[in-house]
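Q: The following block contains the structure, expressed as structure tokens.
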Amino acid sequence: MDSTSSIPAPASTSDLATRPKDVAFDYLKTTLVLMVVAHHSCLAYTTFAHFDPAQYLTRSTAPVVDIAR
């Protein structure tokens with residue numbers, strides 16, 4: 001068996017520190033996180049949401065429903 005390998009060596013920490021950072025991916029990740037948080041926070045205030053304690057997993061549309069919505 002040959003001692004050389006076709007698998008590249010893992011990048012060292014100094015190589016990772018010198019790479020330029022793509023800010024667009026950070027903005028995309030932040031936007032997606034905020035959209036998910038906004039979506040989940042709005043679920044409690046929809047007019048069609050209901051909570052069935054007897055059949056929580058099958059008949060409830062949201063785990064938290066604001067009664068005074």
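The values are calculated or read from the model by the stated rules, or taken from the named source; none is laboratory data. Keep in mind that what you see is a predicted model, and the values were worked out from it rather than measured. Cβ atoms come from the backbone with ideal geometry, glycine included; neighbour counts cover every protein chain shown.
Q: Restricting to the range 39-49, what's the tally of residues that are part of a helix (DSSP H, G or I) and loosely packed, with under 10 Cβ neighbours inside 10 Å?
A: The total comes to 1.
Q: Residues to consider are A68, A24, A54; find the one that is surrounded by fewer than 10 Cβ atoms within 10 Å (Cβ to Cβ), part of a helix (DSSP H, G or I) and at pLDDT 70 or above.
A: Going through A68, A24, A54 in turn, just one is surrounded by fewer than 10 Cβ atoms within 10 Å (Cβ to Cβ), part of a helix (DSSP H, G or I) and at pLDDT 70 or above: A24.
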